[in-house]
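Below is one structure, written out as structure tokens; comments come after it.
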Amino acid sequence: MARARARRSFTIAEAILRWIRIEAIRRRRRREENCSDRSIDLLEAVLDRGMLGHRIHLDRINTRANLMHKHIITSQECPRCQASIEDRSHLFFHCPAAAAIWSRIAITPNVGSFLDIWSSPLPPNLPASIWNSVALTILWKIWDARNAKVFRAIDQSPATTLSNIITDFTLWSHRFKKAEMRVHADLWRDYLSLCNQQNSS
Ligand SMILES: [Zn+2]
């Protein structure tokens, strides 16, 4: 079991690195072809998201716990709830601000090991084929919401964060070339939108 998990971790890490390299090459080619600003924006978002996913995977993001470990700051207290150490798991899953997002979409992520998130149980009738993309978008926007608090003193509501997730995922889904994947993206977008509407009422 342990060996199987180690093999799987390696595969995902390698896939992320390969994906980042391919997107970097594509971005350079698109720039050379003078494609539209919107395409550049989308590719920049892809690259940024890939880099964030890779850094989260390696626990190299600047959580308070990591910054304190580097002796950059003297407190590792979570800036959003002030009730716990802000490490990777707290920031993305256990902080009440993050937990509210997962609760809102009725998904309980597997977080025993960070990589277990990719095998989280999903709501019925939602395709698992693009769960990795959905999960990355959720992590990305939870990170954005956390940074809004840290750098701009903004307390972002769960409804706003989920709205940002839906907007970003819709943009992201334009990348899918297969019709089947676009249908799956529509199902996820509609589900997330419904969750936000139901919880806002
Ligand atoms: Zn917290």
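The values are calculated or read from the model by the stated rules, or taken from the named source; none is laboratory data. Predicted model, so just to flag it, every value in this text is computed and none were measured. Glycine gets a Cβ as well: all are built from the backbone with ideal geometry, and neighbour counts include every protein chain shown.
Please enumerate the residues belonging to the range 85-108 that are among the aliphatic types (A, V, I, L, M), near the ligand (Cβ under 10 Å from one of its atoms) and either buried (at least 17 other Cβ atoms within 10 Å of the Cβ) or assigned by TED's automatic domain parsing to the domain that holds residue 150 (or both).
Hits for the range 85-108 are 91, 97, 98, 99.
Quick test of your reading of the structure: residue 130 fulfils all but one of (1) away from the ligand (no atom under 15 Å from the Cβ); (2) part of a loop (DSSP other than H, G, I, E, B). Name the failing condition by number.
So residue 130 meets the others, but not (2).
Restricted to the range 56-67, and to residues that are assigned to a loop (DSSP other than H, G, I, E, B) and of a type in the set (Val, Ile, Thr), which residue is surrounded by the fewest Cβ atoms within 10 Å (Cβ to Cβ)?
Across the range 56-67, the extreme among qualifying residues is 61.
Is one or more of the residues making up the range 164-175 modelled with pLDDT under 90 and not in a helix (DSSP H, G or I)?
Checked against the condition, which is being modelled with pLDDT under 90 and not in a helix (DSSP H, G or I), the range 164-175 yields at least one hit.
Among the residues of the range 68-84, what is the count of those that are more than 9 Å from the ligand (Cβ to nearest atom) and either in contact (Cβ under 8 Å) with a residue 24 or more places away in the chain or surrounded by fewer than 16 Cβ atoms within 10 Å (Cβ to Cβ) (or both)?
7
Starting from the range 145-167, keep only residues that are more than 23 Å from residue 187 (Cβ to Cβ), then list their pairs with residues that are small (Gly, Ala, Ser) whose Cβ atoms are within a distance under 7 Å, requiring at least 6 positions of separation or different chains.
Every condition considered, the pairs that remain are 145/97; 154/148; 156/145; 156/148.
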